[in-house]
Amino acid sequence: MKADRVQFADIAAVLFDLDGTLIDSAPDLGAAADQMRVARNLPSLPLERYRPMAGAGARGMLDVAFGLGPSDPDFELLREEFFSNYEQCMTTRTTVFDGVPQLLAQLEQRRLPWGVVTNKSSRFTIPLTRAMPLFVNAAVIVSGDTTPHAKPHPAPLLEAARRMGIQATQCLYVGDDERDVVAGLAAGMKTVAATYGYLGKTTDVRAWGAHAEIDAPSALLPLLLRE
């Protein structure tokens, strides 16, 4: 559904995915994986190889770097090495997407609380968001291990709504991955697909079933009806 044909009424809070929606963490994620290649005397890969898979975290980065998946016997050990590398560099190259600070400022001006629901572990989410001034006014930050389930399960989104004291049906969730939309719909929230994130060229966003799509952070504001 096109964003310019949709407007959401009765939205009391806006929730966002983190990586690929609010921040561009692909450079640091890619660097953590590429460091592992270099340590094994393998040639470095350009960021363009890592970027499309950044939304999949360690699984995506190890797939690009080594062609490994969770079923590989070495996956767990390599994942922990990746995590250790990422822990050392996760705020080195990560930036905020253009337009995000202005978007959040407008939400605050409209007295709409906003927060973050990510599958990123609290091991990384907490220090990362504390290090970035962008998140000082976040009403809630829910990590991938805050609840027993991660997205696409609705539990993290429902927990965020509970912590804010707002009905889930009055929340809007914005994310750049299909699991964000699946989780949002399952939680009874309105959903927006952010197509400016880490989507691959072959991704059919329309198949996700989101209520709307935006190609830039600034495109979200016109969807929100003013009181």
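Does at least one position in the stretch 130-151 carry a residue that is in contact (Cβ under 8 Å) with a residue 60 or more places away in the chain, within 19 Å of ALA31 (Cα to Cα), surrounded by 17 or more Cβ atoms within 10 Å (Cβ to Cβ) and not assigned by TED's automatic domain parsing to the domain that holds LEU42? Scanning the stretch 130-151, I find no residue that is in contact (Cβ under 8 Å) with a residue 60 or more places away in the chain, within 19 Å of ALA31 (Cα to Cα), surrounded by 17 or more Cβ atoms within 10 Å (Cβ to Cβ) and not assigned by TED's automatic domain parsing to the domain that holds LEU42, so the answer is no. Among the residues making up the stretch 37-74, those that are exposed (fewer than 14 other Cβ atoms within 10 Å of the Cβ) and on the phi > 0 side of the Ramachandran plot are ASN41, GLY67.
Taking the condition surrounded by 19 or more Cβ atoms within 10 Å (Cβ to Cβ), under 12 Å from the mean Cα position of the chain (by Cα) and over 23 Å from THR95 (Cα atoms), does VAL117 pass? Judged against the criteria, VAL117 is not a match. The set of residues in the stretch 92-109 being loosely packed, with under 14 Cβ neighbours inside 10 Å and part of a loop (DSSP other than H, G, I, E, B) consists of THR92, ASP98.
Count of the stretch 70-109 residues, restricted to those that are closer than 18 Å to ARG51 by Cα and among the small types (Gly, Ala, Ser), is 0.
Scanning the stretch 190-200 turns up no residue that is in a loop (DSSP other than H, G, I, E, B), small (Gly, Ala, Ser), farther than 21 Å from GLN7 by Cα and at pLDDT 95 or above. Here is the figure for the stretch 157-185: residues that are in a helix (DSSP H, G or I) and acidic (Asp, Glu) total 3.
For beta carbons closer than 6 Å, sequence separation of 6+ or different chains, a first residue in the stretch 206-226 that is within 19 Å of GLU178 (Cα to Cα) and in the same structural domain as ASP98 (by TED's automatic domain parsing) and a second that is modelled with pLDDT under 95 and of a type in the set (Ser, Thr, Tyr), the qualifying pairs are GLU213/THR195; ASP215/THR195; ASP215/TYR196; ALA216/TYR196. Within the stretch 110-146, the only residue that satisfies the criterion of being of a type in the set (S, T, N, Q), under 21 Å from VAL181 (Cα atoms) and outside any loop (DSSP other than H, G, I, E, B) is THR125. Does LEU15 meet the test of being assigned by TED's automatic domain parsing to the domain that holds THR118, under 22 Å from the mean Cα position of the chain (by Cα) and either crowded, with 17+ Cβ neighbours inside 10 Å or modelled with pLDDT of 95 or more (or both)? Spelling it out, LEU15 is indeed assigned by TED's automatic domain parsing to the domain that holds THR118, under 22 Å from the mean Cα position of the chain (by Cα) and either crowded, with 17+ Cβ neighbours inside 10 Å or modelled with pLDDT of 95 or more (or both).
Every test in (1) on the phi > 0 side of the Ramachandran plot; (2) touching a Lys or Arg at 6+ places or on another chain (Cβ under 9 Å); (3) not aromatic (Phe, Trp, Tyr) is passed by ARG79 save one, and that test is (1). Yes or no: GLU76 touching a helix residue (DSSP H, G or I) at 6+ places or on another chain (Cβ under 8 Å), among the acidic types (Asp, Glu), closer than 19 Å to SER121 by Cβ and not assigned by TED's automatic domain parsing to the domain that holds LEU128? It is false that GLU76 is touching a helix residue (DSSP H, G or I) at 6+ places or on another chain (Cβ under 8 Å), among the acidic types (Asp, Glu), closer than 19 Å to SER121 by Cβ and not assigned by TED's automatic domain parsing to the domain that holds LEU128.
The values are calculated or read from the model by the stated rules, or taken from the named source; none is laboratory data. Source: prediction; values computed, not measured. Because the Cβ atoms are built from the backbone with ideal geometry, glycine has one as well, and the counts that use them run over all protein chains shown.
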